[in-house]
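Engineer: Below is the structure I would like to discuss, written out as structure tokens.
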Amino acid sequence: MNSEQRSNIISKLTDVINDDRIALLEEVLNQRTRYLTVVLDDIYQPQNASAVIRSSECLGIQNIHIIEDRNKHKTNRDVVKGSAKWINLQRYENKSGRIECIEKLKQQNYKIAAMTLSEESIPLEELPINEKLGLCFGSEDTGLNKEIENEADYKVQIPITGFTQSYNVSVSAGISLYYLMNKIKNTMQNWTLTKEEKETLLLDWLSKSTPTGKILLDKYKGESENN
């Protein structure tokens, strides 16, 4: 589908959605990014994974990668609060999925940042943001898998000044993502989505904003392809 076709379909969908809703979608869309993405490696507590998804969506992060090795990803609806509806969630199964995920991100020019308590880790504030980042968080009991640590471009930790040795994974993600997103917005120029990405995402969001949206989207796509 080319840009003209997308624009025509967007125009038709906006005719059946109220102006306030459209304004909200466009406002949120302008704050969306794929410059920073999140990798959740084998998280076993649904409330933790769901909390990270919710925080990521609130901060404008569009893509989240879920690695399922020993643990299958389950959404806690009370925690996620519908946020998963508005993001792109990519799942990777089994041990091979772990390397598949990291290789895919590297092919897309992401630098891999492993959140780990390794002695080699740098403080979060020293993590460079001059290139796209894939921020990786590990399981609650064993931490980040060594395969990811070994493939990482950076090993990173949030400094701790208390007696407890580590943060809860959802808290660690919330702190890291809030800090990095603000730093990226203040210093980088090209962190927002491209025009094509915005149009594609807006089509999806418009279809989710009305009960008949998906039916209308499929109808308009069919008409566009036949013209």
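Engineer: About the Cα centre of the chain, how large is the charge dipole given +1 on each Lys and Arg Cβ and -1 on each Asp and Glu Cβ? Please answer in debye to the nearest 20.
Structural biologist: Values: 29 positive and 33 negative charges, 94 e Å.
The calculated dipole for the chain is roughly 440 debye.
Engineer: Assuming a viscosity of 1.567 mPa s and a temperature of 4 °C, what translational diffusion coefficient in µm² per second does Stokes-Einstein assign to the range 112-227, Rh being the Kirkwood radius over Cα pairs? Present the calculation step by step, with values, prior to reporting the outcome.
Structural biologist: On the way: Rh = 17.3 Å.
Answer, rounded: 75 µm²/s.
Engineer: Pop out the ³J(HN,Hα) list for the range 120-126 in order, Karplus 6.51 cos²θ - 1.76 cosθ + 1.60 with θ = phi - 60°, rounded to Hz; leave Gly and Pro as x.
Structural biologist: Taking θ as phi minus 60°, the curve returns 7, 5, 9, x, 3, 5, 9 Hz for the range 120-126.
Engineer: Please give the helix 195-207 orientation as an angle from the longest Cα principal axis of the chain, in degrees from 0 to 90, rounded to the nearest 10.
Structural biologist: 70
Engineer: May I pose another question? So for the range 37-188, taking the charge dipole from beta-carbon charges (+1 Lys/Arg, -1 Asp/Glu), which of Gly174, Gly143, Met115 sits furthest toward the positive end?
Structural biologist: Gly174
Engineer: Using 7 Å Cα-to-Cβ label points, what is the Thr194/Glu120 separation (nm, one decimal)?
Structural biologist: Modelled inter-label distance: 3.4 nm.
Engineer: In whole percent, what relative contact order does the range 32-166 give with Cα contacts below 8 Å and a gap of six or more residues? Provide the component values of the computation, followed by the final result.
Structural biologist: Values: 254 pairs, mean separation 37.4, N = 135.
Relative contact order of the range 32-166: 28 percent.
Engineer: Here's something else I'd like to know. Once label points are set 7 Å from the Cα along Cα→Cβ at both Arg21 and Asp141, what is their separation, rounded to one decimal in nm?
Structural biologist: 4.4
Engineer: Normalised by the empirical 2.2 N^0.38 Å for globular proteins, what value does the Cα Rg of the chain take? Kindly include the intermediate steps, with their values, before the conclusion.
Structural biologist: On the way: Rg = 18.9 Å, N = 227, 2.2 N^0.38 = 17.3 Å.
This ratio for the chain stands at 1.09.
Engineer: Would you mind checking which residues have amide H under 5 Å from Lys111's amide H? H placed 1.01 Å from N; only 5 or more apart, or other chain.
Structural biologist: Amide H neighbours of Lys111, under 5 Å, 5+ apart: Lys132, Leu133, Gly134.
Engineer: Roughly how many whole Å is it from the C-alpha centroid of the range 96-148 to that of the range 9-44?
Structural biologist: So the two Cα centres are separated by 26 Å.
Engineer: Still on this structure, please answer the following. Starting from the alpha-carbon convex hull of the range 4-117, give the projected area averaged over all orientations, in nm². Spell out each step's value before the answer.
Structural biologist: Values: hull surface 37.0 nm².
Result: a mean projected hull area of 9.3 nm².
Since every read-out is calculated from the coordinates, none of them should be taken as a lab result. Here the structure is a predicted model, which means the values were calculated and not measured. Please note: Cβ atoms are built from the backbone with ideal geometry, for glycine as well, and neighbour counts cover all protein chains shown.
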